[in-house]
Amino acid sequence: MAVVVVGSLITDIISYVERLPQPGETIRGKSLFIGCGGKGANQCVAAAKLGAECTMIGKLGSDSFSEMHETSFKSLGINFEHVSRTDEAFTGVAQILVEETGQNSIVIVPGANDKLGAENVRKAVALIKEACVVVAQLEVNIEASVEALKLAFTNEVKIIFNAAPAASNLPSEVYQLSSVFCVNESEAEMLTGEKVDSIESADRSAQILQERGCKVVLITLGSRGAYLKDEANNGILIAAPPVKAVDTTGAGDSFIGALAYYMAYYPKLPLQTMVERSCQVAAFSVQKPGTQISFPTKEELPEELFL
Ligand SMILES: Nc1ncnc2c1ncn2[C@@H]1O[C@H](COP(=O)(O)OP(=O)(O)OP(=O)(O)O)[C@@H](O)[C@H]1O
Ligand SMILES: *[C@@H]1O[C@H](CO)[C@@H](O)[C@H](O)[C@H]1NC(C)=O
């Protein structure tokens, strides 16, 4: 297996409403969408759609929501044998209300994702050893993410650590053991206290993360692209291609899935080229509505991205 993702699986339940309800108020929604999400699952799907051989390590409840994830992953050929189920919690759910104006409000109940333990990750040690890249985030029990970092590090497997959703007081391993540490602007600010609103501030924020032990730091900057600071401390802004964005949800996950794909299948490419290509893949995803469904397949992308 080339890419192993340790992370969250969440069912998105999206209700489209004319306006958000007041406290205590019941309103009638216009339509409903139920789909598979979660940062871990999204990143895994993003890499798999580009053609990566992927394994997912995660936790679902023993409920009907879990079946949807299984069906979706299996249809993409993702190895699902390390996604286990618990009776102690429901499958993670994000209840999302979207107003006509585009304004939304979201409640995420991590549920089973919090039950993913270090032992679940250790069970997959043979796969991790053989992997080219391990990807982890912060949407599952942190012990599972740290175990993934440790196993990848001791076995000299590259690890992309996406410190999302934003959190503070992370254990030192997340900085020291990751090969590529990736965050967006608000996560960078949360971790470093440096408001990221320019190249200079992105560089200062990346510098602080490197002082904590990070090797390569990547700060994604939405439509402006991504700031890359490499192991030699050289920083460069990689511009995103100008596109007409219709839905940017999951852009970060598309970017990380693509980066994992390039690190696994094009290890000789310069890191800068990998990031440029990942920006192009993510820019493709923002031009379509939806999350996993908006991630492009290899066939939909220009050939130059696969030379
Ligand atoms: N409007 C856009 N046009 C072109 N590329 C974009 C746009 N928005 C995002 N991207 C691409 O996606 C990458 C990740 O976006 P962003 O920094 O918004 O991540 P994020 O905040 O984690 O995403 P989200 O929370 O929306 O899923 C960017 O580095 C960029 O390459
Ligand atoms: C960064 O990602 C978080 C999820 O971890 C999201 O809530 C936030 O809006 C993002 N910030 C930006 C500036 O895109």
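The values are calculated or read from the model by the stated rules, or taken from the named source; none is laboratory data. As the structure is a prediction and not an experimental result, all values here were calculated from the model. In this analysis, Cβ positions are derived from the backbone assuming ideal geometry, glycine residues included, and neighbour counts consider all displayed protein chains. Note: areas computed on protein heavy atoms with side chains; ligands, DNA, RNA excluded. Shrake-Rupley method; radii C 1.70, N 1.55, O 1.52, S 1.80 Å.
Kindly evaluate Val286 against the criterion of being surrounded by 18 or more Cβ atoms within 10 Å (Cβ to Cβ), under 18 Å from Gly51 (Cα atoms), within 19 Å of the chain's Cα centre (by Cα) and hydrophobic (A, V, I, L, M, F, W, C). No, not satisfied.
Screening Ala260 on (1) closer than 28 Å to Ser168 by Cα; (2) under 18 Å from the mean Cα position of the chain (by Cα); (3) near ligand 1 (Cβ under 9 Å from one of its atoms) shows it passes everything except condition (3).
Set side by side, the residues Lys268, Lys229 differ, and just one is open to solvent by less than 70 Å² (accessible area, probe 1.4 Å), farther than 21 Å from Gly40 by Cα, without any contact (Cβ under 8 Å) to a residue 40 or more places away in the chain and not aliphatic (A, V, I, L, M), which is Lys229.
If you check Ser168, Ser172, Ser201, Ser205 for being of a type in the set (S, T, N, Q) and more than 14 Å from ligand 2 (Cβ to nearest atom), only one passes: Ser172.
The set of residues in segment 99-138 that are among the hydrophobic types (A, V, I, L, M, F, W, C), open to solvent by less than 30 Å² (accessible area, probe 1.4 Å) and in a loop (DSSP other than H, G, I, E, B) comprises Leu116, Ala124, Ala131, Leu138. The C-beta contact set for segment 250-265 (first residue without any contact (Cβ under 8 Å) to a residue 12 or more places away in the chain and closer than 13 Å to Leu221 by Cα, second residue within 15 Å of ligand 2 (Cβ to nearest atom) and open to solvent by 10 Å² or more (accessible area, probe 1.4 Å), distance under 8 angstrom, 6+ apart or interchain) is empty. Can you name the residue in segment 205-226 that is farther than 17 Å from Met274 by Cα and away from ligand 1 (no atom under 15 Å from the Cβ) and is also surrounded by the fewest Cβ atoms within 10 Å (Cβ to Cβ) among such residues? That would be Glu211.
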